[in-house]
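For reference, the structure discussed in these notes is given below.
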There are 2 protein chains.
Amino acid sequence: MAGRDADLRFSPYCWRTRLALAHKGLAFETHPWRFGDPAPEPASGPAQVPTLRDGERVVIDSWAIAEYLDGAYPDRPRLNAGPHARFINAWADTILDPAISRLIASDISPLLTEASAAYFVTALEQAFGMTLAEATADREERVAAFRALLAPVRRMLRTQPWLGGAAPDYADDVLGGTLMWPRCVSRFAPLAGDDPVSEWFARLGRLFGGLLETAPRAAA
Amino acid sequence: MAGRDADLRFSPYCWRTRLALAHKGLAFETHPWRFGDPAPEPASGPAQVPTLRDGERVVIDSWAIAEYLDGAYPDRPRLNAGPHARFINAWADTILDPAISRLIASDISPLLTEASAAYFVTALEQAFGMTLAEATADREERVAAFRALLAPVRRMLRTQPWLGGAAPDYADDVLGGTLMWPRCVSRFAPLAGDDPVSEWFARLGRLFGGLLETAPRAAA
């Protein structure tokens, strides 16, 4: 999912898949897609990203892709995309994503093409029942509640370096991909600098040749 | 953790351990303990429940007990108490438990012995910065926010019957143990009857000879 600048990629779901591919040590190419575009080649049907093409196989949906990668490449590092990781994925989708959108939605539309911005703004304003500017107006007050949502992550990081335990796995990719969304589109900081989650995110960002750390961000 | 009635047991952590032992198919005896009592035999040091005694081995803390049981009894059904289940455990501890205490704290003290009630009320009123009656006065309004916290569970139950996947495991024990706390001490319903989480909890309650379903509850 790209901005007007095709190098600006910000979908939390696509970032989860990029991280999963990097964890597996699989080479991949990405292709920009924008709100309102038709389904990415070679998929058909409703447009959805990420869509993975692996030879002749097409897999849609970041969770399905993670399961597919562990099944198709069992000898590479495990993503451990099992039932409990699915909880973490569902938690990110249902709890974190809506909270993040109320912090940074108004920063996204200026970064999009005119056509995709129209699609995006309409969909979100309907969901919020207010303009994007109104939805994010109180973000300075709202950010404390967002940070409180990450309490279970802080609790875990007291006793282990990664959500996956001694080594990162797809649970880390889920949270890392989720946090790449605000990082790429906004200069608003959802995390305090001294938050242990920030330290974890910085460590994740340095993996895979700095895949996250070096990703293009919107200008201030 | 028992009330004045020694059969009334309500600690979410002790319920997690009871469920874990039942999942493992291990016979066990329980002994009542109350706020302010010394450490249960044969442990020493600060009082904490659950404390497990298995032969000469003593294990303190529900999470440590779950890890111990999978290690000590690997041939019995797996609890899968790994890093991702630890997230679910941390989520229950940091997100659900505080929210539940704001729904039912005032119902607990009348059920306790005088000595343990004094201990309990002082500790909670200090934590809340208000009386228990004040802390729970708005629970009818507060319950919707509690139910919203369970969105990731509902999302999972769309595609699998248990948090553990096709079969229940320690992730189910964590959430089930957590929900046993309000069930045992209060007639206030934290879940709507038609919530898929209620249906899941009822199914869990029928396992192990109805361990949860038949557990003593406080009178209305």
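List of remarks:
- Per residue of A:203-216, other chain Cβ atoms within 10 Å of the residue Cβ number 0 on average.
- Taking the Cα centre of the range A:157-220 as origin and assigning +1 to Lys and Arg Cβ atoms and -1 to Asp and Glu Cβ atoms, the resulting dipole is close to 200 debye.
- Solvent exposure, largest accessible area first (probe 1.4 Å, DNA, RNA and ligands not counted), of B:156, B:130, A:1: B:130, A:1, B:156
- Stretching residue B:115 away from residue B:128 to a fully extended chain increases their span by 2.6 nm, per 0.36 nm per residue minus the current alpha-carbon distance.
- Along chain A, counting only GluC sites (Glu not before Pro) with a DSSP assignment other than H, G, I, E or B and at most 13 other Cβ atoms inside a 10 Å radius, the longest segment between sites is A:57-220.
- Label-point gap, in nm, between residue B:213 and residue B:31 - each point 7 angstrom along Cα→Cβ: 3.2
- Estimated Rh, the protein assembly as shown: Kirkwood, alpha-carbon pairs, angstrom: 23.7
- Kirkwood-Stokes translational diffusion coefficient of the range A:94-206, alpha-carbon pairs, 25 °C, 0.890 mPa s, µm²/s: 162
- Distances between copies at residue A:75, taken between label points 7 Å from Cα along the C-beta direction, are 3.3 nm in increasing order.
- Heavy-atom accessible surface of the protein assembly as shown: percent carbon and sulfur, 1.4 Å: 53
- Calculated accessible area for the range A:42-163 comes out at 47 Å² per residue, all protein chains present (probe 1.4 Å; ligands, DNA, RNA ignored).
- Working note: 222 nm ellipticity from helices only, DSSP H runs with n ≥ 4, each -39,500 (n - 2.57), summed and divided by the residues of chain A, gives -16000 deg cm²/dmol to the nearest 500.
- For the axis carrying chain B to chain A: nearest C-beta residue of B, whole Å: B:84, 2
- Normalising the average separation of contacting C-alpha pairs (under 8 angstrom, six or more residues apart) by the number of residues puts the relative contact order of the range A:12-210 at 28 percent.
- Taking 0.36 nm per residue of separation and subtracting the current Cα-Cα distance, fully stretching the chain between residue B:7 and residue B:138 would add 44.2 nm.
- Radius 14 Å from Cβ of residue A:202, net charge of other residues (Lys, Arg +1; Asp, Glu -1): -2
- Buried accessible surface for the B/A chain pair comes to about 2100 Å², total over both chains, computed with a 1.4 Å probe.
- Across the range B:12-210, the fraction of Cα-Cα pairs farther apart than 28 Å, rounded to a whole number, is 29%.
- Calculated FRET value between residue B:166 and residue A:57, using beta carbons and R₀ = 35 Å, to 0.05: 0.90
- In range of the label at residue B:159: residues from the range A:151-194 whose backbone nitrogen is under 20 Å from the point 7 Å along Cα→Cβ: A:164, A:169-179
- Per principal axis, descending, Cα span of the range A:20-119 in whole Å: 44, 31, 23
- Calculated on C-alpha atoms, the gyration radius of the range B:99-138 divided by its Kirkwood radius gives an Rg/Rh of 0.94.
- Just checking the listed ones, B:194, B:37, B:93: in the Gaussian network model of chain B with Cα springs under 10 Å, the one fluctuating most is B:194.
- Inter-chain shielding of A:49-58 (mean C-beta neighbours from other protein chains, 10 Å cut-off): 0
The values are calculated or read from the model by the stated rules, or taken from the named source; none is laboratory data. Fair warning: this is a prediction, and the values are worked out from it, not measured in the lab. Note that each Cβ is placed from the backbone with ideal geometry, even for glycine, and that neighbours are counted across all protein chains shown. With ligands, DNA and RNA removed, areas are computed over all heavy atoms of the protein, side chains included. Shrake-Rupley method; radii C 1.70, N 1.55, O 1.52, S 1.80 Å.
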